[in-house]
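The next block holds one structure in the form of structure tokens; read it before the comments.
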Amino acid sequence: MMAVSINKEMIEELKELMEDDFPLLINTFLEDSEKRLADLNLALAENNANEVRELAHGFKGSSANLGAEKLAEISSVLETMGRTDKLSGFESKFKELDNEYKIISEYFKSLLI
């Protein structure tokens, strides 16, 4: 398994705080993230900078709330690209986001077993 860029202390705190609802939190994040990634890809295809900004902003927030720091960091870069309407280089940054999400999602799924 690849190195996971996640705040594990934050995850432990969330587990304690959420108790039996922790799996629901993780599953909701995973479902929302899958949709956001698909929507981000579509926004890119349509060259819709405003949509990119909004989707990346939401992804940044949900990732940060779960301690997925690198995911939040990449989302922040995408959000800035959308805000400044500079989508050149977006595809490689999106690929980086997608790859990091795969690592994070595997990690989160392992917590649910």
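Read the figures in this text as sums done on the coordinates, not as results from a lab. None of these values were measured; they are calculated from a predicted model. No Cβ is skipped: glycine too gets one built from the backbone with ideal geometry, and neighbour counts run over all protein chains shown.
Picking from 66, 38, 17, whose Cα lies most toward the positive end of the charge dipole for the chain (charges on Cβ: Lys, Arg +1; Asp, Glu -1)?
Of the listed residues, the answer is 38.
Compute the angle between helix 8-18 and the longest alpha-carbon principal axis of the chain, please, reported from 0 to 90 degrees and rounded to the nearest 10.
Helix 8-18 and the main axis of the chain meet at about 70 degrees.
Calculate the length of the line joining the C-alpha centroid of the range 4-29 to that of the range 36-90, in whole Å.
So the separation of the two Cα centres works out to 23 Å.
When you take every Cα atom in the chain, what is the radius of gyration, and what is Dmax, the widest Cα pair distance, in Å?
In Å, with Rg to one decimal and Dmax whole: 14.2, 43.
With charges only on Cβ, +1 for K and R and -1 for D and E, what is the dipole size of the chain about its Cα centre, in debye, rounded to 20? Walk me through the numbers before you get to the answer.
Working: 13 positive and 23 negative charges, 88 e Å.
Here the chain has a charge dipole of around 420 debye.
Can you give me the angle between helix 90-111 and the longest principal axis of the chain, using Cα atoms only, in degrees from 0 to 90, rounded to the nearest 10?
10
Quick check on the chain: helices-only [θ] at 222 nm, where DSSP H runs of length 4 and up contribute -39,500 (n - 2.57) each and the sum goes over total residues. Nearest 500, please.
Working: 5 runs with 89 residues, N = 113.
Taking each H run of at least 4 residues, the total per residue is -26500 deg cm²/dmol.
Where Lys and Arg each count +1 and Asp and Glu each count -1, what net charge lies around residue 83 among other residues with Cβ under 13 Å from its Cβ?
On the way: positive: 53, 60, 86; negative: 51, 54, 79, 85.
Combined, the nearby Lys, Arg, Asp and Glu give -1.
If you line up the long axis of helix 22-45 against the longest principal axis of the chain, both from Cα atoms, how many degrees apart are they, to the nearest 10?
Between helix and principal axis, roughly 10 degrees.
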